[in-house]
Amino acid sequence: MVGKKVIITGVPGVGKTTVVNEALKKLKNEGVEYQSINFGTFMFEVAKSDNVVQDRDQMRTLDRAVQKRLQQRAAQAIAQISGNVLIDTHASVKTPKGYLAGLPEWVLREIMPDLIVLVETDEDQILMRRLTDETRSRDKEGSRSIAEHQQFNRAIAASYAMMTGCTVKMITNADFLLDRSATEMAEVLR
Ligand code: AP5
């Protein structure tokens with residue numbers, strides 16, 4: 001299928017959606033187009049139609065086998081989309097029973113990304129963003145736990161690069177420096 005497949009990841013609340021939206025505005029002005037897709041939304045549509053959850057934040061508490069089925073069906077649907085595609089998802093998901101790979105073999109085989117981006121920032125900034133976002137039901141965790149999750153994401157992204165031959169790029173989305181991270185994101189998408 002023609003076009004680039006780029007996966008955007010980052011722990012919840014790091015601001016990946018915000019950075020992507022700003023980068024896409026910059027690229028649109030230059031005539032570079034991407035279709036932006038949220039993996040969680042595709043999973044949620046499947047989960048709702050199977051009657052297993054009422055809201056998207058419940059998905060990470062589901063049984064591992066159920067999450068696997070949702071991931072697989074979402075990946076199959078996304079693989080059908082042609083052109084440049086940007087997939088907003090998670091390198092790993094923090095579940096009550098430990099980290100779940102967001103891009104296991106059955107997802108990567110379908111999508112075969114060209115690039116994986118890790119959006120990161122200081123764990124204290126992420127904690128503050130979560131605490132001030134009233135629209136979502138965020139997990140209650142401290143900054144040390146957020147730091148561990150970001151570290152785990154780097155490790156698991158390396159294994160995704162080994163499996164697919166894609167490149168891995170880290171972008172820092174620091175407070176008050178959104179334009180800098182959006183410019184860096186636009187550069188890798190160009
Ligand atoms: P998803 O929909 O991706 O939810 P999320 O992880 O909570 O991500 P968000 O998009 O809500 O947060 P964000 O990091 O993009 O931050 P935002 O831009 O909003 O996933 C939902 C669920 O789907 C998951 O929990 C999981 O169950 C499931 N799922 C998804 N993919 C999966 C997979 N592959 N396998 C298994 N399950 C999967 O910004 C946050 C806040 O920060 C905002 O208030 C914003 O204004 C602020 N902010 C952003 N940038 C800055 C900045 N530079 N300075 C100051 N403030 C900033």
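Take the conditions in contact with an Asp or Glu (Cβ under 8 Å, 6 or more places away or on another chain) and either of a type outside the set (Asp, Glu) or closer than 20 Å to residue 39 by Cα (or both) and apply them to residue 132. Does it pass? The answer is no for residue 132.
Is there a residue being of a type in the set (S, T, N, Q) and in contact with a Gly (Cβ under 9 Å, 6 or more places away or on another chain) anywhere in region 45-59? Break it down into steps so the answer makes sense when it comes.
Quick first cut of region 45-59, residues of a type in the set (S, T, N, Q) only: 49, 51, 54, 58.
Retained after the next criterion (residues that are in contact with a Gly (Cβ under 9 Å, 6 or more places away or on another chain)): none.
No, that holds for no residue.
Whether any residue in region 26-35 is of a type in the set (Ser, Thr, Tyr), open to solvent by less than 60 Å² (accessible area, probe 1.4 Å) and over 15 Å from residue 189 (Cβ atoms) is what I want to check. No.
Of everything in region 162-188 that is part of a helix (DSSP H, G or I) and away from the ligand (no atom under 16 Å from the Cβ), the residue that is farthest from residue 86 (Cα to Cα) is 162. Considering only region 116-136, how many residues are near the ligand (Cβ under 9 Å from one of its atoms), touching a residue at least 60 places away in the same chain (Cβ under 8 Å) and not in a helix (DSSP H, G or I)? Residues meeting the conditions: 4. If the condition is being within 8 Å of the ligand (Cβ to nearest atom), touching a residue at least 40 places away in the same chain (Cβ under 8 Å) and either polar (S, T, N, Q) or at positive phi (or both), then region 66-91 contributes only 89.
Only one of these is in a loop (DSSP other than H, G, I, E, B) and of a type in the set (A, V, I, L, M, F, W, C): 53, 20, 6. Name it.
Answer to the selection: 53.
The values are calculated or read from the model by the stated rules, or taken from the named source; none is laboratory data. Since we're looking at a predicted model, the values are computed, not measured. Because the Cβ atoms are built from the backbone with ideal geometry, glycine has one as well, and the counts that use them run over all protein chains shown. Surface accessibility is based on the protein's heavy atoms, side chains included, excluding ligands, DNA and RNA. Shrake-Rupley method; radii C 1.70, N 1.55, O 1.52, S 1.80 Å.
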